[in-house]
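Asks: I'd like to ask you about the structure that follows.
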Amino acid sequence: MEVDTGCTCCDLFGHLEALRLGMSDPAFGHVLPALMADLADDPELRETFLAVVWEPRREACVESLKKGEVRGDIRPGLDIDLLIDLFAAPVVFRVLFGHRKLDQEFVRDVIGGVLSGVGTADGGGLCAHIGP
């Protein structure tokens, strides 16, 4: 899913919100623990899952982060793969364990928290488009 609003914060919100919505579907939530176990035990299934489901979403997010770096919103030279994990892992974690609410406010909190550490002074905070 390509997202390009011209706003790094908004683009990240679009990516994480799509991940949240996709993974918080009740049907997916019921199969996710079993899927994780199957992926751990079946290298071929894991490879297919990553290629078909995970990598396209991840590559779209890589592009958004690279554009954010070019715009000066994200400090240059950071490990983009690590950044993606920092953004996505909290959503996946909450889906797997269901221990806390997983809503748009949480997505905004994740974006704000990560951007406060990796963003620049000019563009590293939350934008007005997605709220405080």
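The values are calculated or read from the model by the stated rules, or taken from the named source; none is laboratory data. Keep in mind that what you see is a predicted model, and the values were worked out from it rather than measured. Cβ: placed from backbone, ideal geometry, glycine included. Neighbour counts: every protein chain shown.
Residue by residue, here is whether (1) outside any helix (DSSP H, G or I); (2) at pLDDT 90 or above holds:
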residue	(1), (2)
L19	no, yes
G22	no, no
F28	no, no
E69	no, yes
L86	no, yes
L102	yes, yes
V107	no, yes
G113	no, no
P132	yes, no
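Asks: Please identify the pairs in which a residue from segment 42-71 that is in contact (Cβ under 8 Å) with a residue 60 or more places away in the chain and of a type in the set (S, T, Y) has its Cβ atom under 7 Å from the Cβ atom of a residue that is surrounded by 16 or more Cβ atoms within 10 Å (Cβ to Cβ) and in a loop (DSSP other than H, G, I, E, B), counting only partners at least 6 apart or on another chain.
Replies: Listed pairs, sorted by first residue: S64/V3.
Asks: In the set I84, I74, which member is touching a Cys at 6+ places or on another chain (Cβ under 6 Å) and among the aliphatic types (A, V, I, L, M)? Show your work before the answer.
Replies: Numbers: I74 fails: touching a Cys at 6+ places or on another chain (Cβ under 6 Å).
So the residue among I84, I74 that is touching a Cys at 6+ places or on another chain (Cβ under 6 Å) and among the aliphatic types (A, V, I, L, M) is I84.
Asks: Okay, next question. If only one of V70, V53, V62, V95 is under 11 Å from the mean Cα position of the chain (by Cα) and not charged (D, E, K, R), which one is it? Give the derivation first.
Replies: Values: V70 fails: under 11 Å from the mean Cα position of the chain (by Cα); V53 fails: under 11 Å from the mean Cα position of the chain (by Cα); V95 fails: under 11 Å from the mean Cα position of the chain (by Cα).
Going through V70, V53, V62, V95 in turn, just one is under 11 Å from the mean Cα position of the chain (by Cα) and not charged (D, E, K, R): V62.
Asks: Still on this structure, I have one more. Would you check if there is a residue in segment 48-64 being surrounded by fewer than 17 Cβ atoms within 10 Å (Cβ to Cβ) and in contact with a Lys or Arg (Cβ under 9 Å, 6 or more places away or on another chain)?
Replies: The answer is yes; a qualifying residue exists.
Asks: Further question: Within segment 15-41, which residues are out of contact with any helix residue (DSSP H, G or I) (no Cβ under 8 Å at 6 or more places or on another chain) and under 27 Å from D73 (Cβ atoms)?
Replies: Result: L21, single match.
Asks: If a residue has to be surrounded by 12 or more Cβ atoms within 10 Å (Cβ to Cβ) and either in contact (Cβ under 8 Å) with a residue 24 or more places away in the chain or over 20 Å from the mean Cα position of the chain (by Cα) (or both) to count, how many in segment 15-27 make the cut?
Replies: 8
Asks: Another question, if that's okay. Scan segment 72-115 residue by residue and report those that are more than 30 Å from A34 (Cα to Cα) and touching a residue at least 24 places away in the same chain (Cβ under 8 Å).
Replies: Listed by number, the residues that qualify are G72, D73, I74, R75, L78, L115.
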